[in-house]
1. Considering only region 69-106, how many residues are hydrophobic (A, V, I, L, M, F, W, C), at pLDDT 95 or above and closer than 19 Å to Pro126 by Cα?
2. Which members of region 101-117 meet the condition of being surrounded by 14 or more Cβ atoms within 10 Å (Cβ to Cβ) and under 13 Å from Ser36 (Cα atoms)?
3. Could you tell me whether region 87-100 includes any residue that is among the charged types (D, E, K, R), in contact (Cβ under 8 Å) with a residue 60 or more places away in the chain and surrounded by fewer than 18 Cβ atoms within 10 Å (Cβ to Cβ)?
4. Could you grab me the full set of residues in region 53-74 that are in contact with a strand residue (DSSP E or B) (Cβ under 7 Å, 6 or more places away or on another chain), exposed (fewer than 15 other Cβ atoms within 10 Å of the Cβ) and assigned to a strand (DSSP E or B)?
5. Going by the structure shown, is Asp125 farther than 21 Å from Met39 by Cα and in contact with a Lys or Arg (Cβ under 8 Å, 6 or more places away or on another chain)?
6. For region 122-131, does any single residue satisfy the condition of being closer than 19 Å to Val48 by Cβ, assigned to a strand (DSSP E or B), in contact with a strand residue (DSSP E or B) (Cβ under 6 Å, 6 or more places away or on another chain) and not hydroxyl-bearing (Ser, Thr, Tyr)?
7. Checking Thr77 against (1) surrounded by 15 or more Cβ atoms within 10 Å (Cβ to Cβ); (2) free of Cβ contacts under 8 Å to residues at least 12 places away in the same chain; (3) of a type in the set (Ser, Thr, Tyr), only one condition comes out false. Which one?
8. In the list Trp89, Trp53, which residue meets the criterion of being more than 18 Å from the chain's Cα centre (by Cα) and aromatic (Phe, Trp, Tyr)?
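The values are calculated or read from the model by the stated rules, or taken from the named source; none is laboratory data. Note that the structure is predicted; figures quoted are calculated from it, not measured. Cβ coordinates were reconstructed from backbone atoms using ideal geometry, including for glycine residues, and neighbour counts include every protein chain displayed.
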Amino acid sequence: MKKLLPFLLILITFTSSGQTNGQTAKVVAKPKLSASDIMMCDKEWHAVSIIEWAVEQKPGEKNVNDMLKLSQDGTYTLILFGTAKSGTWTKVGQYIYFVDTTTKEKFNYKVVSVEEKKLKIDYRDPDETHTIFMMEPK
């Protein structure tokens, strides 16, 4: 027992020295980006055409200012149906997953196609309605 007590004191000293007053550093992981992902980043994409219910049209009153900006550091700013959002994003396969910083709302876009000057994304709202946005950088 006499030999076990000093060992436990040393063990407690080493394990507690790695902690910092109960605080833990929060690290936001950057998304792993492919070349096409990088092509989408750091541009302000604006809706130029919208398809709803198989009808393509120019952005109307509710979409006239819709835009998306993804940053390589995993943050985004967005206007969707006239509502501004911002937060963090990750990408898995064709899907971009968003988390709004303020509301903690989670939603996603499916990337249909991406080119240097054209981005086509599919947004499915909670009611399962598809809205396909054709976007161009401005």
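1. First pass over region 69-106, keeping only residues hydrophobic (A, V, I, L, M, F, W, C): 70, 78-81, 84, 89, 92, 96, 98-99.
Imposing the further condition that a residue be at pLDDT 95 or above reduces the set to 70, 78-79, 84, 89, 96, 98-99.
Imposing the further condition that a residue be closer than 19 Å to Pro126 by Cα reduces the set to 78-79, 84, 89, 96, 98-99.
Going through region 69-106 one residue at a time, the tally reaches 7.
2. Just the residues of region 101-117 that are surrounded by 14 or more Cβ atoms within 10 Å (Cβ to Cβ), to begin with: 107-111, 114.
Passing the criteria: Val111, Val114.
3. Step one: filter region 87-100 for residues among the charged types (D, E, K, R), giving 91, 100.
Among the residues that remain, those that are also in contact (Cβ under 8 Å) with a residue 60 or more places away in the chain are: 91.
When the remaining residues are screened for being surrounded by fewer than 18 Cβ atoms within 10 Å (Cβ to Cβ), the result is none.
No, region 87-100 contains no residue that is among the charged types (D, E, K, R), in contact (Cβ under 8 Å) with a residue 60 or more places away in the chain and surrounded by fewer than 18 Cβ atoms within 10 Å (Cβ to Cβ).
4. Selection gives Glu56, Gln57.
5. On the way: farther than 21 Å from Met39 by Cα: yes; in contact with a Lys or Arg (Cβ under 8 Å, 6 or more places away or on another chain): no.
Considered against the rule, which asks whether it is farther than 21 Å from Met39 by Cα and in contact with a Lys or Arg (Cβ under 8 Å, 6 or more places away or on another chain), Asp125 comes out as no.
6. In the first step, residues of region 122-131 are kept if they are closer than 19 Å to Val48 by Cβ; the result is 122-123, 130-131.
In the following step, the residues that additionally are assigned to a strand (DSSP E or B) were identified as 122-123, 130-131.
Those left that are additionally in contact with a strand residue (DSSP E or B) (Cβ under 6 Å, 6 or more places away or on another chain): 122-123, 130-131.
With not hydroxyl-bearing (Ser, Thr, Tyr) added as a condition, the list becomes 122, 130.
Yes, there is a match, as at least one residue in region 122-131 is closer than 19 Å to Val48 by Cβ, assigned to a strand (DSSP E or B), in contact with a strand residue (DSSP E or B) (Cβ under 6 Å, 6 or more places away or on another chain) and not hydroxyl-bearing (Ser, Thr, Tyr).
7. (1)
8. Working: Trp89 fails: more than 18 Å from the chain's Cα centre (by Cα).
None of the others qualify; the one that does is Trp53.
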